[in-house]
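Colleague: Before I ask anything, let me first share the structure, which is written out below as structure tokens.
The values are calculated or read from the model by the stated rules, or taken from the named source; none is laboratory data. In this text the structure is predicted, and so the values were computed from the model without any measurement. As a convention, Cβ positions derive from the backbone with ideal geometry for all residues, glycine included, and neighbour counts pool all protein chains shown. Just the protein is used for accessible areas: all its heavy atoms, side chains included, with ligands, DNA and RNA removed. Shrake-Rupley method; radii C 1.70, N 1.55, O 1.52, S 1.80 Å.
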Amino acid sequence: MTDAKPFLPYGRQWIEDDDIAAVVGVLKGDFLTSGPAVDAFETAFARHVGARHAVACSNGTTALHLTIKALGLGPGDTVIVPTVTFLATANAAVYEGVRVVFADVDPETALMTPDTLRDALARAGGAAKAILPVHLAGQPADMAGIGAVAAECGLKVIEDACHATGGSYEDGHRVGASPHGAMAVFSLHPVKTITTGEGGVITTNDDHFAERMRLLRGHGMVRDEAAFLNADLAFDGAGAGNPWYYEMAEVGFNYRITDMQCALGLTQLAKLDRFVERRAELVALYDRLLADAGLEHVRPLGRRAGCRPGWHLYVVLVDFQALGTERARVMTAMRERGVGTQVHYLPVHLQPYYRRLDPNLHLPGAWDYYRRCLSLPLFPAMSDDDVARVVDVLAGAIGGRH
Ligand SMILES: *Cc1c(COP(=O)(O)O)cnc(C)c1O
């Protein structure tokens, strides 16, 4: 059989005419960066999540870095990161000389649990200051359980919510407004649920953290007279602030986002609920068609009850060994029939940089998940027929059909 149908990547953006018009509108205006679209996007994002503040920046990685800076972490401190995540969750701490201790995950959900967190804390030996749970595939981790451990041990919780934009926890709060988290980080990369090309957002209810992150995203530059430290240089003879004057009391970064990006963010945000809804429909359809296909040794990612995921990935767990095949062969066969797949992720503690630091670390839950995981295409512009085609192609590739 030949497939003349378009290639289905594992994820992709959905850009419509109103998105394009919004970006062009900014280009015709006065402000390309640090302008009104940035403020408007932050306000709208905070409102959508139900958080007091949203701070937008250049990407999800710099957003994570800003949270580490906002907590004031540095050499001698440790953070706990689940090993099944994208590199950036761990790297953001390493940028500040912070040690990362990797937590194992539940092999069915790939999420850190209160138990795997406690195990990691025991290995951290009392130096841990913060925990970065990852809402993998869009499914929220057990924030109440993780929050209880955090409260008991005096730790801050920074959620890596890059996969989970638009989802809700089991307590009904939107992801990014958890009473158990200090800050939550979102990515606006094109494969994520909504996009600004590159972009990141941090939500928080904490005024101090929000102010710190706004300061650090812009070089640490201060223009508020009341905050000036150089009394001899900042003011004129009459005691007024000099008109050219700004100060830097600590080193920040240029992690700004542009007005073009934020204009796109605003139009995308208006579609977020529709995108999340359509992703949930596609996930339910995959579940049903996979069950109908009755494929042995294939099942969907484990689900946590009660939450409403903002699904980013559709992950199946496949026992490739029992099927007498290899994942690479299945992926190649599917690609040849027009279906893109991906592995999310090689556990980060096995990346050469981290492996060098802790060569003997064995995290069995993560390994068990990693051996079996395969992400199938999931994006809101997919049709129901596309899902049926993916299930068919998967069945063929593992030898279950055709
Ligand atoms: C995408 C992603 C990031 C980083 O976001 P960028 O915007 O690509 O920098 C961090 N963590 C996770 C889990 C991600 O999926």
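Colleague: Considering only residues that are open to solvent by 30 Å² or more (accessible area, probe 1.4 Å) and part of a loop (DSSP other than H, G, I, E, B), which ones fall in the range 209-242?
Modeller: His219, Arg223, Asp224, Leu229, Asn230, Asp236, Gly237, Ala238, Gly239, Ala240, listed by residue number.
Colleague: So Met1 clears everything in (1) in a strand (DSSP E or B); (2) modelled with pLDDT under 95 except one condition, right? Which one?
Modeller: Only one criterion in (1) in a strand (DSSP E or B); (2) modelled with pLDDT under 95 is unmet by Met1, namely (1).
Colleague: Can you name the number of the only condition in (1) within 16 Å of the ligand (Cβ to nearest atom); (2) more than 21 Å from Tyr369 (Cα to Cα) that Ala127 fails?
Modeller: That leaves (1) as the condition not met.
Colleague: To continue, here is another question. Among the residues that make up the range 323-343, is at least one of them within 16 Å of the ligand (Cβ to nearest atom), under 26 Å from Thr193 (Cα atoms) and in contact with a Ser or Thr (Cβ under 6 Å, 6 or more places away or on another chain)?
Modeller: Within the range 323-343, one or more residues are within 16 Å of the ligand (Cβ to nearest atom), under 26 Å from Thr193 (Cα atoms) and in contact with a Ser or Thr (Cβ under 6 Å, 6 or more places away or on another chain).
Colleague: Now for a separate question. Please verify whether Glu170 is in contact (Cβ under 8 Å) with a residue 60 or more places away in the chain, farther than 21 Å from Tyr345 by Cβ and open to solvent by 10 Å² or more (accessible area, probe 1.4 Å), treating the condition exactly as stated.
Modeller: yes
Colleague: Just to be sure I understand the filter: pairs with C-beta atoms under 7 Å, separated by 6 or more residues or on different chains, first member in the range 181-196 and of a type in the set (Gly, Ala, Ser), second member modelled with pLDDT of 95 or more and near the ligand (Cβ under 7 Å from one of its atoms). Which pairs pass?
Modeller: Ser187/Asn59; Ser187/Gly60; Ser187/Cys162; Ser187/Gly200
Colleague: Moving on to the next point. Go through the range 58-78 and report how many residues are free of Cβ contacts under 8 Å to residues at least 12 places away in the same chain and within 26 Å of Arg174 (Cα to Cα).
Modeller: 0
Colleague: Here are Ala137, Ala144, Ala177, Ala130: which of them is assigned to a helix (DSSP H, G or I), in contact (Cβ under 8 Å) with a residue 40 or more places away in the chain and either closer than 28 Å to Arg278 by Cα or in the same structural domain as Thr78 (by TED's automatic domain parsing) (or both)?
Modeller: On the way: Ala144 fails: in contact (Cβ under 8 Å) with a residue 40 or more places away in the chain; Ala177 fails: assigned to a helix (DSSP H, G or I); Ala130 fails: assigned to a helix (DSSP H, G or I).
Residue meeting the stated conditions: Ala137.
Colleague: For the range 183-200, give me each residue that is near the ligand (Cβ under 9 Å from one of its atoms) and surrounded by fewer than 24 Cβ atoms within 10 Å (Cβ to Cβ).
Modeller: His189, Val191, Lys192, Glu198
Colleague: May I ask you to verify whether Arg217 is under 15 Å from Gly60 (Cα atoms) and either at pLDDT 95 or above or not assigned by TED's automatic domain parsing to the domain that holds Ala122 (or both)?
Modeller: Answer is yes for this residue.
Colleague: Okay, next question. For Thr203, are the conditions met, namely being under 20 Å from Ala130 (Cα atoms), open to solvent by less than 10 Å² (accessible area, probe 1.4 Å) and in the same structural domain as Pro114 (by TED's automatic domain parsing)?
Modeller: Yes; evaluated as a whole, the condition is true for this residue.
Colleague: Then there's this: For the range 359-402, give me the residue count where each residue is loosely packed, with under 13 Cβ neighbours inside 10 Å and touching a residue at least 24 places away in the same chain (Cβ under 8 Å). Can you show your working first?
Modeller: Step one: list which residues in the range 359-402 are loosely packed, with under 13 Cβ neighbours inside 10 Å, which gives 359-360, 362, 364, 381, 383-385, 402.
From the residues that got through so far, the ones that are touching a residue at least 24 places away in the same chain (Cβ under 8 Å) too are 364, 381, 384, 402.
So the count comes out to 4.
Colleague: Sticking with this one: Which of the following residues is touching a residue at least 12 places away in the same chain (Cβ under 8 Å) and of a type in the set (D, E, K, R): Asp273, Asp292?
Modeller: Asp273
Colleague: Here's another thing I want to ask about it. If I go through the range 1-57 residue by residue, how many of them are touching a residue at least 40 places away in the same chain (Cβ under 8 Å), polar (S, T, N, Q) and more than 29 Å from Leu374 (Cα to Cα)?
Modeller: Qualifying residue count, the range 1-57: 2.
Colleague: Might you check whether a residue that is at pLDDT 95 or above, part of a strand (DSSP E or B) and within 15 Å of Leu8 (Cβ to Cβ) occurs anywhere in the range 350-373? So that I can check it myself, show each step before the final result.
Modeller: We begin by selecting, within the range 350-373, every residue at pLDDT 95 or above; these are 350-373.
Still in the running and part of a strand (DSSP E or B): 373.
If we keep only those that are within 15 Å of Leu8 (Cβ to Cβ) too, we end up with none.
No.
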